[in-house]
Amino acid sequence: MFLSLAPTLSIAASLLFISVANTQQTPVAAPTVAPTTAQTTQNKSAADSTVWKIDDTHSMGLFRVQHSGAGMFWGRFDGVTGIITTSGIPTGTLALDVSIDTNSVSSANKDLDGHLRSPDFFSVKEFPTMTFVSTSSKKLPGNMWEVSGNLTMHGVTKLITTNVEMTGQAESPRGKKIGFETVFTIDRSEFGMSYGVEKNAIGNSVRITVALEAGSS
Amino acid sequence: MELQILLFGIALPSFVGAAFGIWFMRRTQAGRPDCFVGLALATTLFLSAISEDSLIQFMALNRWLWFPISMLLGAVVVGAGLLFAQSPLARTLVVLVSTISAAILLNIPSWEIFTNRLFLGVGAATSAIFLAQVVKRRANISTYIALSLSLIGPSVLAMLSGFAKLAIPIGAVSFCLGIISLIHIAIQSKSLDRAVGLSGAVVIASIAAFGAATGFGYDTTNLPISSWVIAAIAPLGLWLGEFPMIRSRTTLSAWARICGCAILAATAILIAALFLSSNSHSLSE
C-alpha cells in the first residue's frame, strides 16, 4: 500500500515544501527610503522647523475613477494620520509623512464599500494602510511646493512627484493650525490593483486629492 | 464589459473544464474513470481565476490566488494517487493527503496559523470522504445538478462580501457541472455516469470548503460565520437522498439530493442577505 502511495506522498511532500516557503513569504518590502525631507530639515535648521501633527478629523483623501467608460465615481478615506514638517514657511522646505487607513474607504454605499475593501481593490486585510513619505521638496511660486516621495499602496511602492498647496495657516485657541492640499493621478494597475481595467469596466487612471489639516505639536 | 466577464471568467473556463472532464472520463481505462475529473474541475477554477488576476507576484500581491493554485495542485495529487491506490484505506489516505496539502498552501488572511489550516484540511477531507460515499452510490445526472447547485452558495457569499474575483471562479465550476449535466441529458451516455468520481468529489468538497474559507478570510462585511460554514458543507446536502424513508425510492431520492444541496446553499445565502439587509436598515435609521 505504501508503494502505491509513493507518488501521492512525493507530490504532497513537494507541496509541503512550497507551503513552508509560502509561510515564510513576506509582503513586498518597500524599498529603503532615503532620509526624509523632515529629517534633513531638522538636521540643517532644527530651530526653524515645525512639526505638525495631522488632524484626522479634518483631513481626508478623495479619489475619482471612471466607471463603465462613462461617469466619474468618487470615494473617500477618512483615516488620514501622520506628520508634516515645515521649515521657514512660506519659503522653506516641506516634508510629509502621511498614512491612510484603507479600511476607512467610503463611497456612501455599503455594498460598494465591501467591494472596495475586498481583494478586488484595496484588500484591506492584507494591506491595512497606504503611505506617502516625502524624500525631497522644492519651493514653487506662491504657496506651492513640488514634493517627491514614495507612495506605498497595495503592497507596491512607487516614487511620485506632486504639487502641494498650502491652503492656510491660522492661530486658534487650540493652537496653531496649517492646511495643505494636493492632487495627483496614478495608474492603479501599476500598484497591482487591476480589477476591471482590462475589461474597461473601471478606469485605470485614478485622480487622488489629499486635504490635510494639522496642528503644531 | 459584463459580457467579457461572462466569456473569459465563466463560459470559456467552464467549457474547457467540461470538455477536459468528459475526455478524461472517456479515455481512462474501464473501471478507473474517476482519477482526473477533479483535475478538470480544478482547471476550470484556475483558468477562471487567472482571467481575473495576474499570477505575477501572486505570493505577495494577490495571495487569494493560493486558493485556485492549491486546488489545482491538490487535484493533481488526488488524481495521481488514485491511479495507484488500490485499497479503500489507500484511497482514503490519498484524499487526506491531497486535501491537507492543499489546505496548508492556503496562506491567506485569517488562516496564517498553520494548525488552523491543518484543521481546515482535515475538515475538507472529512467532507470529501462523506461526499464520495454518495457520489459513488448515486452516479447519475441528479448528482451533477445537486453539486452544481451546492457551489452557488460559496460563490454568492463571496459576491455578497464584495469579492467578485473569488465568486466568478467558483461560479464557473458550478456552471461547468451544469454543462456536464446538459451533455449527460443530451447524449445519454453510460460512460458519463461516473464522471464526478472520487477525484471530482474531493475537488468539489475542497472548492466549497476552501472557497468559503477564502471568502471568510477576506470578508470585511462581517457576514455571519454560520453562512460561510453552511456554504462550505453545502455539497453534503446530497445525503438528504440517503434518508431511510427516501433512499430506496429512486426518483424521490434524486429530488431529495438536489433539494438537499439547494436548501443548504440557499440557507447560507439567506443568512448572509438578511444580515446585510438588517445592517443597511440600521444605517439608514
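Could you grab me the full set of residues in the range A:87-117 that are more than 14 Å from chain B (Cβ to nearest Cβ) and polar (S, T, N, Q)? Matches in the range A:87-117: A:SER87, A:THR91, A:THR93, A:SER99.
For B:GLY215, the criteria (1) farther than 18 Å from B:ILE269 by Cα; (2) within 14 Å of chain A (Cβ to nearest Cβ) hold in every case but one, which is (1).
A:SER136 - would you say it is more than 10 Å from chain B (Cβ to nearest Cβ), surrounded by fewer than 22 Cβ atoms within 10 Å (Cβ to Cβ) and either within 14 Å of A:MET60 (Cα to Cα) or β-branched (Val, Ile, Thr) (or both)?
Details: more than 10 Å from chain B (Cβ to nearest Cβ): yes; surrounded by fewer than 22 Cβ atoms within 10 Å (Cβ to Cβ): yes; either within 14 Å of A:MET60 (Cα to Cα) or β-branched (Val, Ile, Thr) (or both): no.
So A:SER136 fails the test.
Is the range B:185-207 home to any residue that is closer than 30 Å to A:PHE121 by Cα, within 14 Å of chain A (Cβ to nearest Cβ) and either buried (at least 23 other Cβ atoms within 10 Å of the Cβ) or in contact with a His (Cβ under 7 Å, 6 or more places away or on another chain) (or both)? Scanning the range B:185-207, I find at least one residue that is closer than 30 Å to A:PHE121 by Cα, within 14 Å of chain A (Cβ to nearest Cβ) and either buried (at least 23 other Cβ atoms within 10 Å of the Cβ) or in contact with a His (Cβ under 7 Å, 6 or more places away or on another chain) (or both), so the answer is yes.
Within the range B:128-171, being within 14 Å of chain A (Cβ to nearest Cβ), of a type in the set (Gly, Ala, Ser) and either outside any helix (DSSP H, G or I) or farther than 26 Å from A:PHE122 by Cα (or both) holds for B:SER161, B:GLY162.
Pairing residues of the range A:52-79 that are in contact (Cβ under 8 Å) with a residue 40 or more places away in the chain with residues that are buried (at least 17 other Cβ atoms within 10 Å of the Cβ) and in a loop (DSSP other than H, G, I, E, B), at Cβ distances under 9 Å and at least 6 apart in sequence or on separate chains, gives A:GLY61/A:GLY79; A:HIS67/A:GLY196. Here is a check on your reading of the model: is B:THR221 within 14 Å of chain A (Cβ to nearest Cβ), surrounded by fewer than 24 Cβ atoms within 10 Å (Cβ to Cβ) and not hydrophobic (A, V, I, L, M, F, W, C)? Yes: the conditions hold for B:THR221. Here is a check on your reading of the model: is B:SER51 touching a residue at least 24 places away in the same chain (Cβ under 8 Å), more than 25 Å from A:SER118 (Cβ to Cβ), at the interface with another protein chain (Cβ under 10 Å from one of its Cβ atoms) and out of contact with any Cys (no Cβ under 7 Å at 6 or more places or on another chain)? So B:SER51 does not fit the description; no.
If you filter the range A:26-84 down to residues that are at pLDDT 95 or above and of a type in the set (S, T, N, Q), you find that the one that is surrounded by the fewest Cβ atoms within 10 Å (Cβ to Cβ) is A:THR81. Screening B:ILE113 with (1) within 11 Å of another protein chain (Cβ to nearest Cβ); (2) surrounded by fewer than 24 Cβ atoms within 10 Å (Cβ to Cβ); (3) within 28 Å of B:LEU270 (Cα to Cα) gives one miss only, at (3).
Filter the range B:224-257 down to the residues that are in a loop (DSSP other than H, G, I, E, B) and surrounded by 19 or more Cβ atoms within 10 Å (Cβ to Cβ) and list them by number. Spell out how you get there, then give the answer.
Let us first name the residues in the range B:224-257 that are in a loop (DSSP other than H, G, I, E, B), namely B:224, B:233, B:243, B:248-249.
The one that is in a loop (DSSP other than H, G, I, E, B) and surrounded by 19 or more Cβ atoms within 10 Å (Cβ to Cβ): B:ILE233.
Which ones in the range B:71-92 are within 7 Å of another protein chain (Cβ to nearest Cβ) and within 20 Å of the chain's Cα centre (by Cα)? If the condition is that a residue be within 7 Å of another protein chain (Cβ to nearest Cβ) and within 20 Å of the chain's Cα centre (by Cα), then B:LEU73, B:VAL76, B:VAL77, B:ALA80, B:GLY81 are the ones that fit. Contact annotation: residue pairs with Cβ atoms under 8 Å, 6 or more positions apart or on different chains, pairing a residue in the range A:164-190 that is free of Cβ contacts under 8 Å to residues at least 24 places away in the same chain with a partner that is part of a strand (DSSP E or B) and loosely packed, with under 15 Cβ neighbours inside 10 Å, are A:ALA170/A:LYS176; A:THR185/A:SER205; A:ASP187/A:SER205.
The values are calculated or read from the model by the stated rules, or taken from the named source; none is laboratory data. Remember, predicted model here, so these are calculated numbers, not experimental data. Positions of Cβ are backbone-derived with ideal geometry, glycine not excepted, and every protein chain shown enters the neighbour counts.
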